[in-house]
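Working notes, beginning with the structure itself.
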Amino acid sequence: MSLKDKFEEPVKARAEIGLDGGTLETGPLDEPIGSDWSPILRSFGLDPAVFQVVGDTVRMSKWQQSKRLENGDRDLIWLYSYRAQFKRCASALLSDDDFARILASGRNAPRKPQEPFSGVGTMVVCWADWQIGKSAGGGFQGVLERVRKSFRATERRLKALRKAGVPVSDICIALMGDPIEGCVGHYESQMFTVELTLRQQLLAALDLYVEGIQRLLPLANKLTVVTVLSNHGEWMRRSTGGKSLTSDSDSADGFLADALQRILADEPIEWVIPHDEMTVLHDLSGVPVAFTHGHKIPSGNKELDWLRGQSIRLLRENGREPRVWVTAHRHHLRVEDMGPWWRLQCPSNDGGSKWFEDTSGSWSTPGTLTFVVGLGEFVSDIAVV
């Protein structure tokens, strides 16, 4: 094929489009694009406010072609063709003023102290996988409304149990991990889907934790706060899918728990805060309960082996093994009687995952897991509020 034949072949405009970007080819153009790619993006149905061309990937071809003029003569014209990669733009972040306004709206007031409650059981309240900062499911406004709704529903649930004669005196708030979304490093599209800065995410999580603890504190003879370490809480990640550059202790979960303990230092709260331990074992009303976020648990048939091995390790280190395992990370409710222990998998109040829905056809119902321990059984009175 001659060079002339190659240039005269029609070049088709086409694009390969994925969730986070792709590649486009313009086909022949009769003038250079310049710096404004908006008309080209629109021609492929791409919103220039959502997608942008990656400047250092642009390749241009230029060639001459014969054109018939109006008087019947022929002339040579220049034609241009471009190939480039495009990507999804970083989503618009909320301003600090909008963030503060949304966070303050609908805030629940602390409850007044009450008389001591009779009973021996502990109600466990699992705050799991809020992933504040994610834009899915109504974004920041949506997760705020769901979390605060769960605070009120938890109070109603506790009152209903006591009214029904269930002897619950204590409360354990389990901070089950992933309170924030992070900004980058956990999956490819993360930097394009967050709507809060990391600073805003941490402030929002801290405010919600304080708000929820202050509302439940007067409803318990004894309030315990247990924290676990999680994957979205990891700081100093090297790259997408990478691990912490320092240690497991360098975590947003640990920082938030330490900050809470300082803020609420004058309150009668028992704190269980890990340093770099991925599993926490604590007695609640005489029942040994193990808490872990769950991102270290292998999937499939290996889950049982992992739980069994960790139970043996905890038995050797603490002289007792768990009667109950509480896990999160997978954003859906799951309750299993596994013989030596029960395994309770926490649902989430986050905004869901479009990727998971698209690939599986399934989704999880938002909510907060609550249950009671210490009434002569492994667990009782399980409810999602």
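No value in this document is a laboratory result; all are computed from the given coordinates. The structure displayed is predicted, hence computed values, not measured ones. Quick reminder, even Gly has a Cβ in these numbers, built from the backbone with ideal geometry, and neighbours come from all protein chains shown.
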* Considering only the stretch 243-385, percent of DSSP beta bridges that pair antiparallel, nearest 5 -> 60 percent
* Asked: Got a sec to turn the phi values of the stretch 140-155 into Karplus ³J(HN,Hα) couplings, 6.51 cos²θ - 1.76 cosθ + 1.60 with θ = phi - 60°, whole Hz, x for Gly and Pro?
  -> 4, 4, x, 5, 4, 5, 5, 5, 5, 4, 5, 4, 5, 5, 5, 4
* To do: Quick one: order L219, L264 by neighbouring beta-carbon count within 10 Å, fewest to most.
  => L264, L219
* Rel. contact order, % - alpha carbon contacts under 8 angstrom, at least six apart, the chain -> 15 percent
* In the stretch 258-385, if every C-alpha pair distance is counted and binned at 10 Å from zero, what percent goes to each bin? -> 11, 36, 36, 15, 2
* Between G286, G352, G319, which gets the highest mean-square fluctuation from a Gaussian network model of the chain, Cα cutoff 10 Å? -> G319
* To do: List E270, E155, E181 from most exposed to least, where exposure is judged by having the fewest other Cβ atoms within 10 Å.
  => E270, E155, E181
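With +1 on the Cβ of every Lys and Arg and -1 on the Cβ of every Asp and Glu, and nothing else charged, how large is the dipole of the stretch 244-385 about its Cα centre, in debye rounded to the nearest 20? Display every interim value, and only then the final one.
Details: 12 positive and 21 negative charges, 95 e Å.
Charge dipole, the stretch 244-385, about its Cα centre: 460 debye, nearest 20.
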* Please list the non-local residues whose amide H lies under 5 Å from the amide H of I180, H modeled 1.01 Å from N, same-chain partners needing a gap of 5 or more. => Q131, I132
* **Proxy reagent accessibility, fewest Cβ within 10 Å first, across M60, M176** => M60, M176
* Using amide H atoms built 1.01 Å from N in the peptide plane, name the residues 5+ places from L29, or on other chains, whose amide H lies under 5 Å from its own. => Y80, S81
* Amide H to amide H under 5 Å from V324: which residues, 5+ apart in sequence or cross-chain, H placed 1.01 Å off N in plane? -> A290, W342
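So if R0 is 35 Å, what FRET efficiency would E115 and D283 give, r being the distance between their Cβ atoms, rounded to the nearest 0.05?
Values: r = 26 Å, r/R0 = 0.73.
Step by step, r from the Cβ atoms, then E = 0.85.
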* Asked: How much of the DSSP beta bridge set in the stretch 96-384 is antiparallel, as a percent to the nearest 5?
  -> 45 percent
* Structure fact -> Once phi for every residue in the stretch 161-171 is put through the Karplus expression 6.51 cos²θ - 1.76 cosθ + 1.60 (θ = phi - 60°), the whole-Hz ³J(HN,Hα) values, with Gly and Pro written as x, are 4, 5, 5, 7, x, 6, x, 9, 10, 10, 10
* Asked: Taking one equal scatterer on every alpha-carbon of the chain, how large is log10 of I(q)/I(0) by Debye at q = 0.08, 0.14, 0.15 1/Å?
  -> -0.52, -1.19, -1.33
* Comparing Q141, Q85, Q65, which has the greatest mean-square fluctuation in the GNM of the chain with Cα pairs linked when under 10 Å apart? -> Q65
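Between K159 and D73, 0.36 nm times their residue separation minus their Cα-Cα distance comes to what?
Values: separation 86, 0.36 × 86 = 30.96 nm, distance 9.18 nm.
Taking K159 through D73 to full extension adds about 21.8 nm, to one decimal.
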* In order through the stretch 60-69: 3J(HN,Hα) via Karplus (6.51 cos²θ - 1.76 cosθ + 1.60), integer Hz, x for Gly, Pro -> 10, 10, 9, 8, 9, 9, 6, 9, 7, 7
